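The values are calculated or read from the model by the stated rules, or taken from the named source; none is laboratory data. It should be emphasised that the depicted structure is a prediction, and the values quoted were computed from it without experimental measurement. With ideal geometry, Cβ positions are generated from the backbone for all residues, glycine too; neighbour counts draw on all protein chains shown.
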Amino acid sequence: MENLIIYGLWCVLLSASVVGLAFIIERGLALRAGKVVPVAVTSALDLFRAPEDLPMLRRICQQHPSPLSRLLLLAEKRRDWPRAENAAALEITARYEISRLERGLVVLEIIVGVAPLLGLVGTIYGLIILFHSLGAAGMGDNNALAEGIALALHATLLGLFTAIPSLVAWSYYNKKVETLAVEMAALCDGFLRQLYPHKESSELAEAAAAGRS
């Protein structure tokens, strides 16, 4: 019975390591810069100068579906809205896109917190069983004691082996999502400035007039 509990904890830890590895690979593929901020789309943004360029930008965004492409298409679709309303709607959609980029990171965070604790539980439980059996049989066999302690510590080692890669991946992907979010925000802001050039000029004129007064 005791061995079944320890082996059960090992199976849980092995399953957690497999799940963690699957999410690490999946997020690594999903968070590639070319999948989130395609080079073709950023190049089209650099070439965008006037409303006449909107069909070209729309076509490239449709050919390269990505979070940035969806944001730009949304802003272009609502170009008849006032700029403030368009920017507010774009910000809400951007939050949704960022939440999609963060999908799966919570699983890695859970594995980081739970795996070492499960390993510690396995070690403590194994030591309890070991010392209980030694108390009943005596301390005559040092080899059995060393083997039992080593077996119990395997659970802690497995828990750390499961948690450390997940911790590294979780920290890296969190930072990458933050960087991609800042980049998309800057590109969308520049697109809105190009989309509302007269509005931008009037706002600057009003700010200058307010400064003179």
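Miscellaneous remarks
- Qualifying residue in the range 195-205 (condition: modelled with pLDDT of 70 or more, part of a helix (DSSP H, G or I) and surrounded by 11 or more Cβ atoms within 10 Å (Cβ to Cβ)): yes
- Residue match in the range 21-30 (condition: of a type in the set (Gly, Ala, Ser) and touching a His at 6+ places or on another chain (Cβ under 6 Å)): no
- Considering only residues in the range 82-125 that are small (Gly, Ala, Ser) and farther than 25 Å from Gly20 by Cα, the one that is surrounded by the most Cβ atoms within 10 Å (Cβ to Cβ) turns out to be Ala94.
- When residues of the range 1-59 are limited to those that are of a type in the set (Lys, Arg) and at pLDDT 85 or above, the one surrounded by the most Cβ atoms within 10 Å (Cβ to Cβ): Arg27
- Test: residue in the range 69-80 that is surrounded by fewer than 18 Cβ atoms within 10 Å (Cβ to Cβ) and under 23 Å from the mean Cα position of the chain (by Cα): yes
- Positions within the range 98-151 being within 30 Å of Gly34 (Cβ to Cβ) and at pLDDT below 90, in sequence order: Arg103, Gly104
Yes/no per residue for (1) in contact (Cβ under 8 Å) with a residue 24 or more places away in the chain; (2) touching a helix residue (DSSP H, G or I) at 6+ places or on another chain (Cβ under 8 Å); (3) part of a helix (DSSP H, G or I); (4) of a type in the set (S, T, N, Q):
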position: Trp81; (1), (2), (3), (4): no, yes, no, no
position: Glu85; (1), (2), (3), (4): no, no, yes, no
position: Glu91; (1), (2), (3), (4): no, no, yes, no
position: Tyr96; (1), (2), (3), (4): no, no, yes, no
position: Leu108; (1), (2), (3), (4): yes, yes, yes, no
position: Val112; (1), (2), (3), (4): yes, yes, yes, no
position: Leu117; (1), (2), (3), (4): yes, yes, yes, no
position: Thr123; (1), (2), (3), (4): yes, yes, yes, yes
position: Gly126; (1), (2), (3), (4): yes, yes, yes, no
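- When Arg100 is tested against (1) closer than 23 Å to Gln194 by Cβ; (2) part of a helix (DSSP H, G or I); (3) in contact with a helix residue (DSSP H, G or I) (Cβ under 8 Å, 6 or more places away or on another chain), just one condition goes unmet, and that condition is (1).
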